[in-house]
1. When the residues of the range B:27-37 are filtered to those that are small (Gly, Ala, Ser) and open to solvent by less than 50 Å² (accessible area, probe 1.4 Å), which remaining residue is nearest to the other protein chains (Cβ to nearest Cβ)?
2. Taking the range A:11-26, which residues are over 23 Å from residue B:39 (Cβ atoms) and either within 14 Å of another protein chain (Cβ to nearest Cβ) or of a type in the set (D, E, K, R) (or both)?
3. Mind checking whether some residue in the range B:52-70 is within 14 Å of another protein chain (Cβ to nearest Cβ), open to solvent by 60 Å² or more (accessible area, probe 1.4 Å), farther than 22 Å from residue B:137 by Cα and in a loop (DSSP other than H, G, I, E, B)?
4. Could you give me the residue pairs with C-beta distances under 7 Å whose first residue belongs to the range B:129-149 and is at positive phi, whose second residue is open to solvent by 70 Å² or more (accessible area, probe 1.4 Å) wherever it lies, and which are 6+ apart or on separate chains?
5. Select from the range A:11-26 the residues that are crowded, with 16+ Cβ neighbours inside 10 Å, farther than 15 Å from residue A:66 by Cα and hydrophobic (A, V, I, L, M, F, W, C) and list them in ascending order.
6. Name every residue in the range A:107-127 that is out of contact with any Lys or Arg (no Cβ under 6 Å at 6 or more places or on another chain) and either at pLDDT below 95 or surrounded by fewer than 16 Cβ atoms within 10 Å (Cβ to Cβ) (or both), in order of residue number.
7. So for the range B:100-120 (the condition being touching a residue at least 60 places away in the same chain (Cβ under 8 Å) and farther than 20 Å from residue B:139 by Cα), does at least one residue qualify?
There are 2 protein chains.
Amino acid sequence: MHPDLAPIAFLLGTWRGEGTGVYPTISGFAYGEEVRFSEVGKPFLAYTQRTWALDDGRPLHAEAGYWRPQPGGRLEVVLAHPTGVSEIQEGTVGEDRIELAATVIGRTGSAKEVAGLTRTFERAGPDILRYHVAMAAAGQPLQVHLTAELHRVSDPA
Amino acid sequence: MHPDLAPIAFLLGTWRGEGTGVYPTISGFAYGEEVRFSEVGKPFLAYTQRTWALDDGRPLHAEAGYWRPQPGGRLEVVLAHPTGVSEIQEGTVGEDRIELAATVIGRTGSAKEVAGLTRTFERAGPDILRYHVAMAAAGQPLQVHLTAELHRVSDPA
């Protein structure tokens, strides 16, 4: 493993869990989620995520990208979404907490506008990860949109 | 499969091949490549790509994202790179040709500047895909950076 990955090495592996989504413009929903972090010896983690509806298992969201630790406890994340949105996230990684805020949100011509996105991850145990995502979209101010708890289900590949 | 995927359904599956990279600011290089396109019943293809050096097999680049066909032969692509760069690509898909140009290029604080990116794909046979990527970066004008030919090695998953 590349030594620069040490601050986020605890993320490696496959995680599964459940979350809830809320926003003023939609009905609340519950989802299942799987997240995978993997490495290839370079100074980034590859990340894929997918969610599904808890009621009937239909696929909901997905995202993919890369996590890049930087000197001084900083962290950069690049994400692509099938909704036509890209995110550049920058922030900090501490022992038990990662805080990120979008510095660039790109979107395709057909994508809905997203004005702001923050992501906070809390390591609640060696194999427990909690996060929330706050979003400013559809004319609404930045507010919590997603909250989930994930459990590690496999060791790093 | 979602009906909106018809224009790019020929991409589904796993592709492997070789390519070459050139740019005025670097030494030319040869690479192996694997590309996967998959679908989950929604109107996008998930895309992952990785390349390796042909001389010693070490990992080189990778990218991941989503392809979103739109009405009227238009196509949107959202990509994340481990180099700290995100791409929003928009363009057209014809019977044997896809032409894309970046409309938004995001980058993290530590990423190198990329001023322009275009991607052209040519379907040279039922199971042959050729592409080139042109890039404007490091103060250089837009010019061909990557050229490769891929062959389908597995049917759609």
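1. In the first step, residues of the range B:27-37 are kept if they are small (Gly, Ala, Ser); the result is B:27-28, B:30, B:32.
Right, trim to open to solvent by less than 50 Å² (accessible area, probe 1.4 Å) and you get B:30, B:32.
Details: B:30: 19, B:32: 14 Å.
Restricting to residues being small (Gly, Ala, Ser) and open to solvent by less than 50 Å² (accessible area, probe 1.4 Å), the top hit is B:32.
2. A:18
3. Within the range B:52-70, one or more residues are within 14 Å of another protein chain (Cβ to nearest Cβ), open to solvent by 60 Å² or more (accessible area, probe 1.4 Å), farther than 22 Å from residue B:137 by Cα and in a loop (DSSP other than H, G, I, E, B).
4. Qualifying pairs under 7 Å: B:138/B:25.
5. Correct list: A:15 only.
6. If we filter the range A:107-127 for residues that are out of contact with any Lys or Arg (no Cβ under 6 Å at 6 or more places or on another chain), which is where we start, we get A:107-121, A:123, A:125-126.
Once the filter is applied, which keeps residues that are out of contact with any Lys or Arg (no Cβ under 6 Å at 6 or more places or on another chain) and either at pLDDT below 95 or surrounded by fewer than 16 Cβ atoms within 10 Å (Cβ to Cβ) (or both), the range A:107-127 yields A:109, A:110, A:112, A:113, A:115, A:116, A:125, A:126.
7. Among the residues of the range B:100-120, not one is touching a residue at least 60 places away in the same chain (Cβ under 8 Å) and farther than 20 Å from residue B:139 by Cα, which makes the answer no.
Table: residues versus (1) more than 10 Å from chain A (Cβ to nearest Cβ); (2) polar (S, T, N, Q); (3) outside any strand (DSSP E or B).
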residue	(1), (2), (3)
B:72	yes, no, yes
B:91	yes, no, no
B:98	yes, no, no
B:112	yes, no, yes
B:118	yes, yes, no
B:123	yes, no, no
B:147	yes, yes, no
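The values are calculated or read from the model by the stated rules, or taken from the named source; none is laboratory data. Source: prediction; values computed, not measured. Note: ideal-geometry Cβ built from the backbone for every residue, glycine included; neighbour counts use all protein chains shown. The protein model used for the area step is the full one, side chains on, heavy atoms only, and it has no ligands, DNA or RNA in it. Shrake-Rupley method; radii C 1.70, N 1.55, O 1.52, S 1.80 Å.
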